[in-house]
Amino acid sequence: MSANSKAPNILVIQVDEMTPNVLPAYGHPLVKTPHLDGLAAEGVVFENAYCNFPLCVPSRASMMVGRLAHNIGSWDNATEMPASIPTLAHHLRHAGYHTVLCGKMHFIGPDQVHGFDERITTDIYPANFAWTPDWIVGERYRPTGINPQAVVDAGTCTRSLQIDYDEEVAHSGVQKIFDLARFHADQPFLLWVSFTHPHAPFVTTQKYWDLYDHDEVDMPKVPPIPVDELDEMSRWLYYAHGQDLITVTDEHVRNARHAYYGMTSYTDDKVGSLLETLEAAGLAEDTIVVFTSDHGEMLGERGMWYKQYFYEDSVRVPLIIRDPNSDKTGSVSELVSLIDLLPTFMDIASDGNPPETPGPLDGRSLSGFLNGNIDDWDNKVIAEYTGEGVIAPCRMVRRDNYKYIYTHGHPPLLYDLDADPLEVDNLAGQPEVADVENAMAAEIVDDWNPDEIAGNCIQSQKDRMFIQNSTGGDPTWAFLSRQGDAGRYVRNAGATQTKTKARYPFVEPTPFER
């Protein structure tokens, strides 16, 4: 980069709880996402991108700092991220960027900007310790925020909490692109636009529902697995999600998937509005666009819903990067993850010569995949889980075609994803893969002590629950961009008033036994 040239802008479009398996760019034949299809055709599609923790807060925290969650003490959806840890926003500001956060990031704690120059919209979820889990209670503990009715009550709406939020995020993001073009023309920018769609509950408007023939909506590839045949982590989550309280029929499943497809098409339209605004503002040729999600969604596979699992639908994420000044397009099969974004952005900001970081990073730059100059890549990703619904540390490593899942105190799982992409044949304990299993078992605990992690999690839970209970949840810490937003979005544990009015017209929830 010459002394007079400006580094490229970066627009990150992040969604919530989107599995790549529903996108045409990843092979789905039915779902309609023309704007993402166009982005994928002009960019690089990472076929095997993973989150590093299949839950919102730790996934986003680890992504923001380029480190695995245990290295920053991010255990669950109510863990504070210290203000003393540099984020990618700090790094890009240091490189001369103007940094803007628009939409959800689910920061917990008093620091609600973490290095961004501007934060321009309210956050949708609590920022205090309201959602702290309690491992001492046991496997049938019902974590706050999990709604077992989301699947059986799926369908259409005129308005929802998610639509309320994402309409504001889209409007603010479009306006900010024009503002950046006018008022920051001489400075590169990072604009992070983060939507809450297609996160459950599974409801969409009639417009997006009608994009799909209900009878053509495909059903899960793997049928429900009986509870007594589930692995221990999945059994914990079965009860945590309240699946023992609700009878889910095939029609419930089809309704939920139908609504999710509509929600995905809604999201695609929001992506389209941002891309069209880049063009209209004359910024498209100077802006790298990144599309991704914080984690996936099981969407009924194996009878499972939501995130938190290490199965592919939950832990894989879409990742598409379009660099208008690169001829490199197509797909990348190597294993990458969200912690790779920070070093990638540092490369982009410095024309491939990033400065030394103040502390270590766990991620690796993807810039070689974007310019075709990749040489040696350690083909491995790691994901962790210590959040709501489990009662012991869990970890996953995927290396090449093998995935190893560890649940502390219980038998492991080992899958060959080349031979068994649906993950139905557990190879753990079979002599022919003993060398692979032993190597991956050692790799799981190489930098991660499960007994120590368990102790840290339980102590942290005790401390945070004590603080939350002693203060009644005040302060909430949530970032508010305008007066009245505290009553419009979810604050503290129950948020009964907000959730009651979230779906309009109101639908009486299906009753269930607690």
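The values are calculated or read from the model by the stated rules, or taken from the named source; none is laboratory data. Every value quoted in this text rests on a predicted model; they were computed, and no experiment measured them. When we count neighbours, we look across all protein chains shown, and the Cβ atoms used for this are built from the backbone with ideal geometry, even at glycine.
Is the stretch 236-251 home to any residue that is under 21 Å from P20 (Cα atoms) and not aromatic (F, W, Y)?
Applying the first criterion (under 21 Å from P20 (Cα atoms)) to the stretch 236-251 yields none.
No.
Of all residues assigned to the stretch 189-199, none qualifies as being in a helix (DSSP H, G or I) and not basic (K, R).
Inside the stretch 1-34, residues that are out of contact with any strand residue (DSSP E or B) (no Cβ under 6 Å at 6 or more places or on another chain) and either surrounded by fewer than 21 Cβ atoms within 10 Å (Cβ to Cβ) or in a loop (DSSP other than H, G, I, E, B) (or both) make up a count of 22.
Under the condition of being of a type in the set (K, R) and touching a strand residue (DSSP E or B) at 6+ places or on another chain (Cβ under 7 Å), which residue from the stretch 327-384 is modelled with the lowest pLDDT?
We begin by selecting, within the stretch 327-384, every residue of a type in the set (K, R); these are 328, 364, 380.
Next, from what is left, pick out any that are touching a strand residue (DSSP E or B) at 6+ places or on another chain (Cβ under 7 Å): 328, 380.
On the way: K328: 90, K380: 97.
Step by step, filter the stretch 327-384, then rank; the result is K328.
Based on what the data block shows, is G300 out of contact with any Leu (no Cβ under 9 Å at 6 or more places or on another chain), surrounded by fewer than 21 Cβ atoms within 10 Å (Cβ to Cβ), at pLDDT 95 or above and more than 21 Å from S194 (Cα to Cα)? Reasoning before the result, please.
Working: out of contact with any Leu (no Cβ under 9 Å at 6 or more places or on another chain): yes; surrounded by fewer than 21 Cβ atoms within 10 Å (Cβ to Cβ): no; at pLDDT 95 or above: yes; more than 21 Å from S194 (Cα to Cα): yes.
Against the criterion (out of contact with any Leu (no Cβ under 9 Å at 6 or more places or on another chain), surrounded by fewer than 21 Cβ atoms within 10 Å (Cβ to Cβ), at pLDDT 95 or above and more than 21 Å from S194 (Cα to Cα)), G300 does not qualify.
For L161, indicate whether it is at pLDDT below 95, on the phi < 0 side of the Ramachandran plot and crowded, with 20+ Cβ neighbours inside 10 Å. Criteria met by L161.
The set of residues from the stretch 243-268 being at pLDDT below 95 and over 26 Å from N426 (Cβ atoms) comprises L245, I246, T247. When Q243, Q308 are screened for being in contact with a Gly (Cβ under 9 Å, 6 or more places away or on another chain), closer than 22 Å to I405 by Cα and of a type in the set (S, T, N, Q), only Q308 passes. Looking at the stretch 385-464, the strands (runs of 3 or more DSSP E) lying wholly inside it that each contain 1 or more residues that are among the hydroxyl-bearing types (S, T, Y) and without any contact (Cβ under 8 Å) to a residue 60 or more places away in the chain sit at 402-407, 413-416.
If you check T292, T277 for being among the hydroxyl-bearing types (S, T, Y), modelled with pLDDT of 95 or more, part of a helix (DSSP H, G or I) and at negative phi, only one passes: T277.
Just one of the numbered conditions (1) closer than 27 Å to I72 by Cβ; (2) outside any helix (DSSP H, G or I) is not true of V169; which one? Result: V169 fails condition (2) only. For the stretch 235-278, the candidate set comprises residues that are in contact with a Ser or Thr (Cβ under 7 Å, 6 or more places away or on another chain) and either of a type in the set (G, A, S) or farther than 25 Å from Y212 by Cβ (or both); within that set, the residue that is surrounded by the most Cβ atoms within 10 Å (Cβ to Cβ) is A259. Do the conditions hold for V271, that is, is it more than 20 Å from L39 (Cβ to Cβ) and modelled with pLDDT of 95 or more? Spelling it out, it is not the case that V271 is more than 20 Å from L39 (Cβ to Cβ) and modelled with pLDDT of 95 or more. Which ones in the stretch 345-378 are under 21 Å from the mean Cα position of the chain (by Cα), more than 23 Å from T287 (Cβ to Cβ) and of a type outside the set (D, E)? Scanning the stretch 345-378 gives L361, R364. For the stretch 195-211, the tally of residues that are crowded, with 23+ Cβ neighbours inside 10 Å and touching a His at 6+ places or on another chain (Cβ under 9 Å) stands at 2.
The rows are residues; the columns are (1) modelled with pLDDT under 95; (2) touching a helix residue (DSSP H, G or I) at 6+ places or on another chain (Cβ under 6 Å); (3) within 15 Å of P126 (Cα to Cα); (4) loosely packed, with under 14 Cβ neighbours inside 10 Å.
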residue: V433; (1), (2), (3), (4): no, no, no, no
residue: W477; (1), (2), (3), (4): yes, no, yes, no
residue: R491; (1), (2), (3), (4): yes, no, yes, no
residue: T500; (1), (2), (3), (4): yes, no, no, yes
residue: E508; (1), (2), (3), (4): yes, no, no, yes
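For the stretch 460-494, the set of residues classified as under 24 Å from the mean Cα position of the chain (by Cα), closer than 20 Å to E168 by Cα and of a type in the set (G, A, S) consists of A478, S481, A486, listed by residue number. Would you call Y26 more than 30 Å from D446 (Cα to Cα) and either of a type in the set (S, T, N, Q) or under 20 Å from the mean Cα position of the chain (by Cα) (or both)? So Y26 passes the test.
Of all residues in the stretch 352-384, count the ones that are hydrophobic (A, V, I, L, M, F, W, C), over 20 Å from M233 (Cα atoms) and outside any loop (DSSP other than H, G, I, E, B). Let's see the steps before the verdict.
Taking the stretch 352-384 and keeping what is hydrophobic (A, V, I, L, M, F, W, C), we get 361, 366, 369-370, 374, 377, 381-383.
Narrowing the set further to residues that are over 20 Å from M233 (Cα atoms) leaves 361, 366, 369-370, 374, 377.
Checking the rest, the ones that are also outside any loop (DSSP other than H, G, I, E, B) come to 369-370.
So the count comes out to 2.
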